[in-house]
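> Can you keep this structure in mind? I'll have questions shortly.
The values are calculated or read from the model by the stated rules, or taken from the named source; none is laboratory data. A quick note: this is a predicted structure, and the numbers were derived from the prediction, not measured. Virtual Cβ from ideal backbone geometry, glycine too; neighbours counted across all protein chains shown. To get the accessible areas, we keep the full protein, side chains included, count just its heavy atoms, and leave off ligands, DNA and RNA. Shrake-Rupley method; radii C 1.70, N 1.55, O 1.52, S 1.80 Å.
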Amino acid sequence: METVILAVVIAVVVLAVLGGLVVGSRRKKPLPPPPPAAPDITAPPAEPHVGDEAETPRDEPRRTIEEVDLPDGGSTGVAVEEPPLVEAPGIEIPEPTAGRLVRLRARLSRSQNALGKGLLTLLSREHLDDDTWEEIEDTLLTADVGVLPTQELVERLRERVKVLGTRSPEELRALLRDELLKLVGTDVDRTVKTEPADRKPGIVMVVGVNGTGKTTTTGKLARVLVADGRTVVLGAADTFRAAAADQLQTWGERVGAHTVRGPEAGDPASVAFDAVKEGKEMGVDVVLIDTAGRLHTKTGLMDELGKVKRVVEKHAPLDEVLLVLDATTGQNGLVQARVFAEVVDISGIVLTKLDGTAKGGIVVAVQRELGVPVKLVGLGEGADDLAPFEPEAFVDALIGD
């Protein structure tokens, strides 16, 4: 019994101690702060409307537009810099064509060593034996004169030298000049046909393989015609070579010639047809048509050129078909000439790059091969380096002074 009483007393004491600890911890915890007082809410300033100041509007007198002093036209305001004016490129005045080949004689004479001076040196020997005449033949063949023309020239020279007997340098030069002029031909009409009697415009088609200077020659020919007082329209029918139309248009713009062009890789015959049509509508004197020199299609180049010719002739017959040949290719160029002549009836030849390494005998060979005359020669890269072919000036440049 005493044990039970003792256990009860201990339990009561423990409970009392625990109760005191709980009460003490509650007294130490801080009380939460009182809620803050409600702030005074001030309405925000009204946002400015269009034309208002960015602050609270003030009461102030307002003026009407009649009362506001506006600056007059003569007052100095903010300077506005105007864009610079782009001046259109000026029209160039080409050099006159009369006597142009004579002015370019120095360039032409660069090819005289292989032909003119070589022949004069051989003919000046005291004794002209068979070996010397063989050397003369070799000189002519090397200069691209051709086999048959060479044989004819040597035969005539042998006869005249035998008759002449003693030969002074002046006599030899006169003899050689005379025979070369016969070989080149002085009685041939070398005029580029651009003035048909019954209509306008004259129509000229320029043909040749790429790389011969065909498009450049067409542009230079436009300058030749403009220098002679003609008006020109250019037809950029070489639609298969990149930038050919741009190149031709640039040439035309220099002399004020209009260029008709079509889409890249378009139909060349269509461009040629439109060029002649516009030339007739504009009333120009000449239409020059630059044609393709290589086609990347299944249609052959010659078939395409034949089509261009047929389409153009629906307007009017072609007055001139000029074949452009690179004089530096020599006898190889004759192969090209034969093929073109079979398709488009070549009426004249343009020899380009005749200065420098070209051999003057190609003039004789190509005329013999095609039976048509050389009408124009290119003697440099300059814009006015295309000249009408003059046999006398050509031969004089070959044999020198």
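> Out of region 204-223, which residues are more than 13 Å from residue 291 (Cα to Cα) and open to solvent by less than 10 Å² (accessible area, probe 1.4 Å)?
Matches in region 204-223: 221, 222, 223.
> Return the residue satisfying two criteria in turn: it lies in region 374-394 and is in a loop (DSSP other than H, G, I, E, B) and under 28 Å from the mean Cα position of the chain (by Cα), and of such residues it is surrounded by the fewest Cβ atoms within 10 Å (Cβ to Cβ).
Within region 374-394, the first condition is being in a loop (DSSP other than H, G, I, E, B), and the residues that meet it are 379-385, 389-390.
Pick out the ones that are also under 28 Å from the mean Cα position of the chain (by Cα) and you get 379-385, 389.
Working: 379: 27, 380: 17, 381: 10, 382: 12, 383: 16, 384: 18, 385: 21, 389: 21.
The residue in question is 381.
> Only strands (runs of 3 or more DSSP E) wholly contained in region 251-369 count here; list those with 3 or more residues that are crowded, with 19+ Cβ neighbours inside 10 Å.
Working: elements: 258-260, 286-290, 320-326, 348-352.
Once the strands (runs of 3 or more DSSP E) in region 251-369 are filtered for at least 3 residues that are crowded, with 19+ Cβ neighbours inside 10 Å, what remains is 286-290, 320-326, 348-352.
> Could you tell me whether region 104-127 includes any residue that is part of a loop (DSSP other than H, G, I, E, B), of a type in the set (Gly, Ala, Ser) and at pLDDT below 80? Reasoning before the result, please.
If we filter region 104-127 for residues that are part of a loop (DSSP other than H, G, I, E, B), which is where we start, we get 104, 112, 124-127.
Still in the running and of a type in the set (Gly, Ala, Ser): 124.
Adding the requirement that they be at pLDDT below 80 leaves none.
Checked region 104-127: no residue is part of a loop (DSSP other than H, G, I, E, B), of a type in the set (Gly, Ala, Ser) and at pLDDT below 80.
> So which residues in region 235-250 are part of a helix (DSSP H, G or I) and open to solvent by 10 Å² or more (accessible area, probe 1.4 Å)? Reasoning before the result, please.
Going through region 235-250, the residues part of a helix (DSSP H, G or I) turn out to be 244-250.
Residues satisfying the conditions are 245, 246, 247, 249, 250.
> Please list, ordered by first then second residue, the pairs with beta carbon atoms under 7 Å, 6 or more apart or interchain, first in region 311-329 and more than 16 Å from residue 201 (Cβ to Cβ), second of a type in the set (S, T, N, Q) and open to solvent by 40 Å² or more (accessible area, probe 1.4 Å).
What qualifies is 325/336; 328/357.
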